[in-house]
1. If Lys and Arg each add +1 and Asp and Glu each add -1, what is the summed charge of the other residues whose beta carbon sits under 10 Å from the beta carbon of VAL135?
2. Non-local amide H neighbours of GLU110 (under 5 Å, H modeled in plane, Pro and chain starts lacking H): which ones?
Amino acid sequence: MANDMAPLADNATQAAESLYRGSVEAMSNATTNATTMAEGFGRTVAAANATIGVEGAQHAFSWSGYLQAIGILLLLLAALWGAVWLLRRYGPFRFLPQPGAFPRDALRVEAQVPLGQRKGLVVVRFLDRRLLLGVTDQRISLLTEMDADHERSTDEDFDSLLEKAQHTRPPAP
């Protein structure tokens, strides 16, 4: 029985070798065809470049072009923002006081003390007056009002202002 199997094994070996040789030849032919096609494509690209006068093929994509465009766009946006800022700040006749308008430094917050969540005391200087205001969520109350010194004294601080304010009451409306 072993002798009966020997011709079958030889036939199977020959068939496997024949399949292997065929697949190697097919792969070799496919590689040759791909190489030929690539060379043909390269010749076509070279011919197209020669027709339009391009020396050495370059890619259409360029990062430097995109970065340059983005840089110019950012510069234009910055220039536009600067122009708007200048117009708002120094627009026509902005340096002249408007009739009936207060000067820029007419109202200043000099000090503030928080007393709780969304509550506090604020000392505000308005023209030649100092106002002590109680500020809450619902309202702002005038606690006291006094003449402001034109020159701020260095020895007078917020605590002394608060002491003076506690001793004086605003006139009843």
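Laboratory data are not the source of any read-out in this text; all were calculated from the coordinates shown. The structure displayed is predicted, hence computed values, not measured ones. All Cβ positions, even for glycine, are placed from backbone atoms using ideal geometry, and neighbour counts span all protein chains on display.
1. Values: positive: ARG118, LYS119, ARG139; negative: ASP137.
Around VAL135, the charge tally is +2.
2. So GLU110 has HN proximity to VAL123, VAL124, ARG125.
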